[in-house]
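Read through the structure below, which is laid out as structure tokens, and then see the notes.
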Amino acid sequence: MKQCTHADALPDPEPGPVTETCPECLAAGTHPVQLRLCLTCGHVGCCDSSPGRHATEHHKDSGHPIMRTFEPGENWRWCFVDHVLV
């Protein structure tokens with residue numbers, strides 16, 4: 001079973017959200033389907049089901065490896081590099 005090799009390098013405590021919604025969607029006038037929080041810097045981006053896929057775009061631009069869901073009642077993390085739940 002593949003494991004994430006990046007979780008040990010995450011800041012502790014995890015960063016708080018920089019915004020409450022996806023700023024790229026807000027600027028474009030689109031609605032995010034679901035939100036994700038970058039666990040390196042606190043950037044909030046929309047999920048891959050959203051038109052902009054801004055959480056993935058943030059990972060590609062920044063190299064920050066792990067995000068977590070930013071949806072109420074959900075508690076999971078994803079490593080973009082290793083392609084696994086953390």
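The values are calculated or read from the model by the stated rules, or taken from the named source; none is laboratory data. A quick note: this is a predicted structure, and the numbers were derived from the prediction, not measured. Positions of Cβ are backbone-derived with ideal geometry, glycine not excepted, and every protein chain shown enters the neighbour counts. Each accessible area value is taken on the protein alone, full model and side chains, heavy atoms only, with ligands, DNA and RNA left out. Shrake-Rupley method; radii C 1.70, N 1.55, O 1.52, S 1.80 Å.
Report every pair of residues separated by at least 6 positions or lying on different chains whose Cβ atoms are under 9 Å apart, first residue within region 60-86 and closer than 19 Å to S50 by Cα and open to solvent by 70 Å² or more (accessible area, probe 1.4 Å), second among the aliphatic types (A, V, I, L, M) and assigned to a strand (DSSP E or B).
From region 60-86, the pairs are W76/L85; R77/I66; R77/M67; R77/L85; W78/I66; W78/M67; W78/V84; W78/L85.
Taking G16 as the residue in question, decide whether it is closer than 21 Å to C79 by Cβ, within 9 Å of the chain's Cα centre (by Cα), part of a loop (DSSP other than H, G, I, E, B) and touching a residue at least 12 places away in the same chain (Cβ under 8 Å).
no
Which residues, taken from region 24-39, are surrounded by fewer than 20 Cβ atoms within 10 Å (Cβ to Cβ) and in contact with a helix residue (DSSP H, G or I) (Cβ under 7 Å, 6 or more places away or on another chain)?
H31
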